[in-house]
Amino acid sequence: MTGFEPYQESLCFQDMELSNEELTDLEFVDCLFENCTLENCRIDRCHFADCTFIGCSILNLKSDRSSMTGSKFAHCDLTGINWGDLMSGGGFLIPIDQLEHCRLKYNQFVEMNFVKFDFSTNSITGSMFADCNLTSGNFSKCELDRTEFFRCNLSGADFRLAAGYQIDISANQLKGAKFSFPEVVNLLNNLGIVIE
């Protein structure tokens, strides 16, 4: 991709629109992306460190041997992202430091460490958390339509006034997790019992 130097630091990118582009061998450090769109793009051997994304749309991002650390997202639309593809070392890392007022759809989070992470201002639809450490995470008032949690540690997590989540109580750790009525009744769905 032309237009980028191999190393970018403390720069602001505004109103940038990329569609079906391939970005290769680039490094962005402490950069701001504002009102940018990346649609059906691929990033190979790229690194994003301590970058901030505000009002951006990132759709169907593909990645190979790329990483993201310390990133902050606010008022963004994030669709079709497998965040595991953005973890350089694997194994309970986290590419995101902060999510505020974002809409996530069809995202996958696998083997990530979200201890005490605040998801409360976000809408997360049709997504999957698998083998994640979500201890003391805050999902309160979160819209989690068709979002599944599988083999996650949800101990002490706050789901009060959250809606739409799918949590198999036999496949997740839930000690001390907080739920509110009537949504908490959905935790019994996988048990095959009849509630009248």
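Straightening the chain between GLU143 and LYS72 buys 23.6 nm, computed as 0.36 nm per residue apart minus the Cα-Cα spacing. The listed residues ASP85, ASP97, ASP77, once ranked by accessible area (1.4 Å probe) with the largest placed first, stand as ASP97, ASP85, ASP77. As a ratio to 2.2 N^0.38 Å, the alpha-carbon radius of gyration for region 19-115 is 0.97. In units of the rule-of-thumb radius 2.2 N^0.38 Å, the chain shows an alpha carbon radius of gyration of 1.08. Across q = 0.11, 0.15, 0.16, 0.25 Å⁻¹, region 59-143 modelled as identical point scatterers on its alpha-carbon atoms has Debye log10 I(q)/I(0) values of -0.25, -0.49, -0.56, -1.54, in the order of the q list. Taking 0.36 nm per residue of separation and subtracting the Cα-Cα distance, full extension of the segment from SER19 to ASN35 would add 4.3 nm. Just the protein heavy atoms count here, and of the accessible area of the chain at 1.4 Å, carbon and sulfur take up 46 percent.
Charge tally for TYR165 (other residues, Cβ to Cβ under 10 Å; Lys, Arg +1; Asp, Glu -1): -3. What shape does region 1-63 have by the C-alpha gyration tensor, where a ≥ b ≥ c are the square roots of the eigenvalues, rounded means a/c under 1.5, and otherwise prolate means a/b greater than b/c and oblate the rest? Oblate shape, in that a/c is at least 1.5 and b/c is the bigger or equal ratio. Structural descriptor for region 1-143: relative contact order 15 percent, calculated from alpha carbon pairs under 8 angstrom and at least 6 residues apart.
Taking a Cβ cut-off of under 10 Å around SER140, the surrounding Lys, Arg, Asp and Glu residues balance to a net charge of +1, with basic ones at +1 and acidic ones at -1.
Of the residues CYS76, ASN138, ILE54, the one whose Cα sits farthest toward the positive end of the charge dipole of the chain, with +1 on the Cβ of Lys and Arg and -1 on the Cβ of Asp and Glu, is ASN138. Counting only protein heavy atoms and a 1.4 Å probe, the chain has 50 square angstrom of accessible area per residue. Of the GluC sites (Glu not before Pro) in region 81-190, not one is in a loop by DSSP (not H, G, I, E or B) with at most 11 other beta carbons within 10 Å.
The values are calculated or read from the model by the stated rules, or taken from the named source; none is laboratory data. Note that the structure is predicted; figures quoted are calculated from it, not measured. When we count neighbours, we look across all protein chains shown, and the Cβ atoms used for this are built from the backbone with ideal geometry, even at glycine. Ligands, DNA and RNA are excluded from the accessible area calculation, which covers all protein heavy atoms including side chains. Shrake-Rupley method; radii C 1.70, N 1.55, O 1.52, S 1.80 Å.
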